[in-house]
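The values are calculated or read from the model by the stated rules, or taken from the named source; none is laboratory data. Everything numeric here is computed off the predicted structure, so don't read it as measured data. Reconstructed Cβ throughout: ideal geometry from the backbone, glycine too, with neighbour counts over all protein chains shown. Heads up: the accessible areas ignore ligands, DNA and RNA and are worked out on the full protein's heavy atoms, side chains in. Shrake-Rupley method; radii C 1.70, N 1.55, O 1.52, S 1.80 Å.
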Amino acid sequence: MGMDPEFLGILEAVRKEYGKPMKLNSSFRCRDHNAAIGASSSSSHCLGVAVDISVSGSRQRYDLVRHLLKHVTRIGLGDGFIHADHDLAKDKNVIWTYY
């Protein structure tokens, strides 16, 4: 609910190429929940064009990032998760860390 249909298609393409299930830690967030968890007020999660995907270990992280790079414009690397979004209103072709 609240997810952008085009972005869901992108995630499905990534999942098919990746060939494994992708556990989503976070997807669409309403503005109230977003504020309650201390996330940025401009979070792409609130637009339904971002997810946080659980990963365990550097090999899984590398493999998933390799597939995400073909489909999304923004990637964030955190401890145990990868943020992937396709927010075309923000800087494109960027990768950042939450460390």
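Overview of values
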{"item": "Any pair with Cβ under 8 angstrom, 6 or more apart, that starts in the range 44-62 at a residue that is over 17 Å from residue 98 (Cβ atoms) and ends at one that is assigned to a helix (DSSP H, G or I) and open to solvent by less than 20 Å² (accessible area, probe 1.4 Å)", "result": "46/34; 48/7; 49/7"}
{"item": "All strands (runs of 3 or more DSSP E) inside the range 17-99 with 1 or more residues being among the acidic types (Asp, Glu) and under 24 Å from residue 5 (Cβ atoms)", "result": "50-54, 81-85"}
{"item": "Qualifying positions in the range 1-22 - under 14 Å from the mean Cα position of the chain (by Cα) and farther than 20 Å from residue 69 by Cβ", "result": "3"}
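The rows are residues; the columns are (1) touching a Phe, Trp or Tyr at 6+ places or on another chain (Cβ under 8 Å); (2) closer than 26 Å to residue 19 by Cβ; (3) open to solvent by 80 Å² or more (accessible area, probe 1.4 Å).
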site: 32; (1), (2), (3): no, no, yes
site: 35; (1), (2), (3): no, no, no
site: 41; (1), (2), (3): no, no, yes
site: 62; (1), (2), (3): no, yes, yes
site: 79; (1), (2), (3): yes, yes, yes
site: 86; (1), (2), (3): yes, yes, no
